[in-house]
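Heads up, the thing below is written out as structure tokens.
The values are calculated or read from the model by the stated rules, or taken from the named source; none is laboratory data. The shown structure was predicted, so the numbers you read here are calculated from the model rather than taken from an experiment. Neighbour counts are summed over all protein chains in view; Cβ atoms, including those assigned to glycine, are modelled from backbone coordinates with ideal geometry. Accessible surface is based on the protein model in full, side chains and every heavy atom, while ligands, DNA and RNA are left aside. Shrake-Rupley method; radii C 1.70, N 1.55, O 1.52, S 1.80 Å.
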Amino acid sequence: MNSVINWPALVSQLLDILLALLLAPAYSGWLTCCRARLQQRSAPSLWQPYWNLGKLMLKEPVIADRATALFHLVPYLVFAALTLAAGIVPLLTSQLILAPMADAIALVGLFSLVRVFMALAAMDTGTAFGSLGARREMLMGFLAEPALLSVFFTVALMTSSTSLATIVQTLLHRPFEIYPSLAFAGVAFVMVFLAENGRIPVDNPTTHLELTMIHEAMLLEYSGRHLALMEWGQSLKLLVYTAIGCALFLPWGLAESPSVATLALAFLLLLLKLLLAGVAIAVLETASAKLRIFRVPEYLGMAFIFGVLGMFVHVLLET
């Protein structure tokens with residue numbers, strides 16, 4: 001039995017998932033702190049998301065009478081799917097037990113699964129805001145997922161693989177050069193990142209204006225531990241997207257062999273990347289204005305064009 005199980009990869013996989021679950025609320029809190037400081041407002045504590053989640057976990061959810069079993073089940077499905085997505089993306093090392101089983105396309109499929117179940121749950125109670133947010137969310141997904149796939153395909157053409165672990169290992173051993181295709185893919189990824197996580201200029205995570213909200217509209221009917229799972233899942237999604245960006249465009253620092261020393265160094269570099277990414281996202285949000293909802297398709301269409309340009313540039317100039 002010992003000869004069959006890859007124990008180092010299994011331990012690394014469990015550590016990767018546990019670290020994502022623990023760091024996700026702190027990362028969201030760091031973004032909030034950076035944004036508040038840049039806007040010259042009083043910043044909340046970095047640990048405020050943990051206190052909010054703990055308070056919500058202790059409360060019983062209030063469920064609408066017309067809600068079906070789907071409404072009860074969706075928070076657990078969403079949280080489980082995003083936890084699995086966190087296990088696919090390398091945080092500390094590319095030597096993961098799930099690496100041969102799931103690739104970038106499966107990762108996009110998990111994000112789509114989360115979107116569909118959230119939209120169904122939002123429409124389940126029959127409220128106007130839930131249905132409004134679900135329709136907007138599905139429209140965004142219809143436009144954002146091809147753009148995200150084009151980013152993955154650009155990197156896959158460079159590395160001849162759609163496996164994130166293989167992509168990271170290939171990029172780590174390539175000579176440091178400026179690749180125009182990665183520049184186009186990077187711009188497309190940042191645009192999709194902001195849209196998929198409900199950040200400005202597409203959505204504002206701090207507002208509840210019914211005419212503009214998208215992601216928040218689907219959570220209005222949740223409360224108690226169900227709301228805690230949904231908010232924890234959104235923080236986890238934000239961390240996973242940041243980890244994807246680091247794996248594709250800044251893979252340096254990931255441990256190639258799961259030893260204590262290399263994992264400790266990778267953890268410190270991961271914290272540094274998250275700190276810098278939080279500052280960069282806060283600067284982008286502070287310097288940008290929110291788009292009108294009818295301009296969002298143009299925004300995501302431009303992201304898709306940048307992703308396709310990345311593939312074309314690689315085929316025409318880098319092969």
Exercise. Using unit Cβ charges (K, R positive; D, E negative) and no other charged atoms, how large, in debye to the nearest 20, is the dipole of the range 77-191 about its Cα centre?
Worked result: 80
Seminar exercise, completed: Once phi for every residue in the range 238-245 is put through the Karplus expression 6.51 cos²θ - 1.76 cosθ + 1.60 (θ = phi - 60°), the whole-Hz ³J(HN,Hα) values, with Gly and Pro written as x, are 4, 5, 5, 5, 5, 5, 4, x
Exercise. What order do Ser160, Ser12 take when sorted by accessible area (1.4 Å probe), most exposed first?
Worked result: Ser160, Ser12
Exercise. Check Thr93: other-chain or 5+ apart residues with amide H under 5 Å from its amide H, H built from backbone geometry?
Worked result: Ala255
Seminar exercise, completed: Sorted by accessible surface (1.4 Å probe, heavy atoms of the protein chains only), largest first, Leu56, Leu157 come out as Leu157, Leu56
Exercise. For the chain, what does -39500 (n - 2.57) per DSSP helix run (n ≥ 4), summed and divided by total residues, give at 222 nm, in deg cm²/dmol to the nearest 500?
Worked result: -24000 deg cm²/dmol
Problem set entry | Heavy-atom accessible area ranking, 1.4 Å probe, most first, across Ile200, Ile178 | Ile178, Ile200
Problem set entry | Average Cα contact separation per residue, the range 181-319, under 8 Å, 6 or more apart, as relative contact order % | 47
For this session: Specify the angular offset, from 0 to 90 degrees and rounded to the nearest 10, of the alpha carbon long axis of helix 180-196 from the longest principal axis of the alpha carbons in the chain.
Result: 20
Problem set entry | Radius 13 Å from Cβ of Val190, net charge of other residues (Lys, Arg +1; Asp, Glu -1) | -1
For this session: Calculate the spin-label point distance for Ser45 paired with Ala289, positioning each point 7 Å from the Cα along the beta-carbon direction, and give it in nanometres.
Result: 3.8
For this session: Please identify every one of the chymotrypsin sites (Phe, Trp or Tyr not before Pro) in the range 19-123 that sits in a loop by DSSP and has no more than 13 other beta carbons within 10 Å of its own beta carbon.
Result: Trp47
Problem set entry | Phi-based couplings in Hz for the range 92-103 (Karplus 6.51, -1.76, 1.60; Gly and Pro marked x) | 10, 8, 8, 8, 10, 5, 8, 4, x, 9, 9, 10
Exercise. Normalised by the residues of the chain, what does the relative contact order come to in percent, with Cα pairs under 8 Å and at least six apart?
Worked result: 30
Exercise. Roughly what angle does helix 128-159 make with the longest principal axis of the chain, taking Cα atoms, 0 to 90 degrees, to the nearest 10?
Worked result: 0
For this session: Any lysines with Cα under 28 Å of the Lys55 Cα? List them, leaving off those in the same chain fewer than 8 positions away.
Result: Lys237
Problem set entry | Where GluC sites (Glu not before Pro) fall in DSSP loop in the range 263-319, at most 16 other Cβ within 10 Å | Glu318
